[in-house]
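What follows is calculated from the coordinates using simple rules that are stated; it is not laboratory data. Values in this document were obtained by computation on a predicted structure and should not be read as measured data. Positions of Cβ are backbone-derived with ideal geometry, glycine not excepted, and every protein chain shown enters the neighbour counts.
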Amino acid sequence: MTSMRGLNPDDLTVQTLFNVMTGSIVPRPIGWVSTVDREGLPNLAPYSMFTAVCARPPTVVFCPSYQPPHFKEKDTYQNITHSGEFVINFVNDDTVAAMDVTGADVPPDVDEFKLAGVTPVPSKLVAPPRVSESPIAFECKLHELITIGLTSGGGHIVIGTVVYMHFAEGIYSDDNHIRFDKYKPIGGLVGHTYAHIEDLFGL
Ligand SMILES: Cc1cc2nc3c(=O)[nH]c(=O)nc-3n(C[C@H](O)[C@H](O)[C@H](O)COP(=O)(O)O)c2cc1C
């Protein structure tokens with residue numbers, strides 16, 4: 001039998017908890033979230049605390065944290081609280097480097113589309129633009145916000161209903177499946193470490 005190391009989360013620092021949570025729960029998809037502020041300026045940032053919830057209504061969650069050094073809400077969260085809309089842009093081998101650039105903590109008036117050199121294109125049903133270079137994009141309307149904590153390491157759950165989906169040419173197959181060989185998704189591990197998802201096997 002393997003000897004296991006036991007840890008009580010209450011004994012760990014916030015940084016260690018972050019390392020343990022993000023290092024254990026892998027790989028995570030990355031929701032590259034576009035929003036607009038009150039003036040309509042676009043914002044783009046990656047969130048790896050992100051996943052699907054259910055199929056009908058198609059529902060996603062992602063989690064903007066509330067953490068040092070600023071103890072302030074992320075621009076993405078603030079934009080969603082007033083607009084109620086966002087786009088989840090999906091990340092693959094071709095867009096991972098640009099996505100990583102948009103993880104930088106920059107002032108709200110910096111347009112991360114320009115920073116990362118990606119192209120905003122108008123969405124169909126929501127105000128935030130989507131990333132033209134992304135292989136898949138889901139337009140979302142806010143379903144509910146849940147606050148988990150407003151202390152160091154805390155944050156929110158943003159629950160969104162997908163109201164429109166975009167797939168790049170060839171990714172959506174004739175038999176209604178996603179073609180991974182065309183999609184070329186990546187997984188988020190810890191920090192700025194990512195994994196290619198190409199060694200697939202079936203059971
Ligand atoms: C790969 C990656 C994943 C990230 N995941 C999260 C996350 O799940 N939650 C979070 O609060 N910040 C996450 N970040 C950090 C935010 O992207 C970063 O704080 C960004 O500046 C937030 O931008 P905003 O204030 O424009 O929303 C991640 C960064 C990277 C590079």
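A few points about this structure:
- Dipole-positive endmost among VAL101, SER134, SER83 within region 54-169 (Cβ charges, Cα centre): SER83
- Computed helical MRE - 222 nm, the chain, DSSP H runs ≥ 4 contributing -39500 (n - 2.57), nearest 500: -4500 deg cm²/dmol
- Across region 50-55, coupling constants 3J(HN,Hα) worked out from phi with the 6.51/-1.76/1.60 Karplus curve, θ = phi - 60°, read 8, 6, 8, 10, 7, 8 Hz, and Gly and Pro carry x.
- Exposed loop sites here mean chymotrypsin sites (Phe, Trp or Tyr not before Pro) with a DSSP loop assignment and at most 16 other beta-carbon atoms within 10 Å; the chain contains its longest site-free run at 72-200.
- For MET49, residues with placed amide H under 5 Å, excluding near neighbours: CYS63
- For the chain, the fraction of C-alpha pairs more than 28 angstrom apart is 27%.
- The alpha carbons of region 151-192 give a radius of gyration and a Dmax of 16.0, 48 Å, in that order.
- Cα Rg over Rh - region 100-203, Kirkwood: 0.99
- Note, ³J(HN,Hα) from phi for region 128-136, Karplus 6.51, -1.76, 1.60, rounded to Hz, x at Gly and Pro: x, x, 9, 8, 4, 6, 6, x, 9
- Among HIS177, ILE159, ALA195 - extreme Cα towards positive end, dipole of region 159-203, charges at beta-carbon: ILE159
- Subtracting the Cα-Cα distance of GLU39 and THR151 from 0.36 nm times their residue separation leaves 37.4 nm of extension gain.
- Per residue, the Cα convex hull of region 23-71 amounts to 121 Å³.
- Rg/Rh for region 1-91, where both radii come from Cα atoms and Rh is the Kirkwood radius: 1.07
- When the alpha carbon gyration tensor of region 104-163 is reduced to an equivalent ellipsoid, its three semi-axes come out at 24, 19, 9 angstrom, largest first.
- Placing +1 on the Cβ of every Lys and Arg and -1 on the Cβ of every Asp and Glu, with no other charges, gives region 142-203 a dipole of roughly 220 debye about its Cα centre.
- Of the GluC sites (Glu not before Pro) in region 116-175, those whose Cβ has at most 16 other Cβ within 10 Å and which sit in DSSP loop: GLU169
- The HN-Hα couplings worked out from phi for region 101-115 by the Karplus form 6.51 cos²θ - 1.76 cosθ + 1.60 (θ = phi - 60°) are 4, 6, x, 5, 7, 10, x, x, 7, 8, 7, 5, 4, 5, 3 Hz, whole numbers, x standing for Gly and Pro.
- Each listed q (0.14, 0.17, 0.22, 0.25 Å⁻¹) maps to a log10 I(q)/I(0) for region 78-128 from the Debye sum over equal C-alpha point scatterers, namely -0.42, -0.63, -1.02, -1.21.
- Between TYR164 and GLU139, the built amide H atoms are under 5 Å apart, and every one of these is 5 or more places off in sequence or on another chain.
- Computed over region 38-150, Kirkwood Rh from alpha-carbon pairs, angstrom: 14.8
- Of the trypsin sites (Lys or Arg not before Pro) found in region 35-140, the ones in coil according to DSSP and having at most 13 other Cβ atoms within 10 Å of their Cβ are ARG38, LYS72, LYS124.
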